[in-house]
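What follows is calculated from the coordinates using simple rules that are stated; it is not laboratory data. This is a predicted model, so every value here is computed, not measured. Virtual Cβ from ideal backbone geometry, glycine too; neighbours counted across all protein chains shown.
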Amino acid sequence: MVFRRVNGEIAWSCDACGDEGVITGWHGSPTDVSGLDDGYVDGDEITAVVSREVFDAVRGVFLLDAACELVVARAQGTSAGVLLAGRVGAFEELVGYVAAESNVESDRRRVRLLDDACTELEAALGQR
């Protein structure tokens, strides 16, 4: 579970092991997506639930635009997997970035995961 506090700190806790902590000093870091905007992306908001393994593969994609970064950054863990939310255009772009990474990946296991991610993201697009 992750919560952003009013003072900008990020509090986190693990339901499985009970560990917890607070993250500070993240503003301006390479992982700070607070300044990103996806207002330029077309389409309605959609969601997709993907497995944690597939999400880890998507999260590891090296090159993503701002809208795709926000889809990944806003991901929420659920009992069914990882919930991704964003506009249709962001999901379409994310499929493209994931497919491009899959095409140059040499590790067979990662290729399979990236291909699974494309399939699951495309399924979410087909359900709209």
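Short-range pairs are left out: with C-alpha atoms under 8 Å and at least six residues apart, the relative contact order of the chain is 23 percent. Magnitude of the charge dipole for the chain, about its Cα centre and with charges confined to Cβ atoms of Lys, Arg (+1) and Asp, Glu (-1), is about 240 debye. Just going by the charge dipole of the chain, with Lys and Arg at +1 and Asp and Glu at -1 on Cβ, which of Asn7, Leu70, Phe91 is farthest out on the positive end? In the chain, that residue is Asn7. Largest mean-square fluctuation among Arg108, Arg59, Arg74, in a Gaussian network model of the chain whose springs join Cα atoms under 10 Å apart, belongs to Arg108.
For the chain, the longest principal axis of the C-alpha atoms and the axis of helix 108-126 are separated by about 90°. From most to least packed by mean Cβ count within 10 Å, the peptides 75-85, 92-102 give 92-102, 75-85. Consider the candidate values (i) 12, 45, 36, 7, 0; (ii) 14, 48, 33, 6, 0; (iii) 12, 40, 34, 14, 0; state which one is P(r) over Cα pairs in 10 Å bins from 0, in percent computed from the structure displayed. Comparing each candidate, only (iii) matches the computed number. Calculated mean residue ellipticity, 222 nm, the chain: -13000 deg cm²/dmol, from DSSP H runs (n ≥ 4) at -39500 (n - 2.57) each, averaged per residue and rounded to 500.
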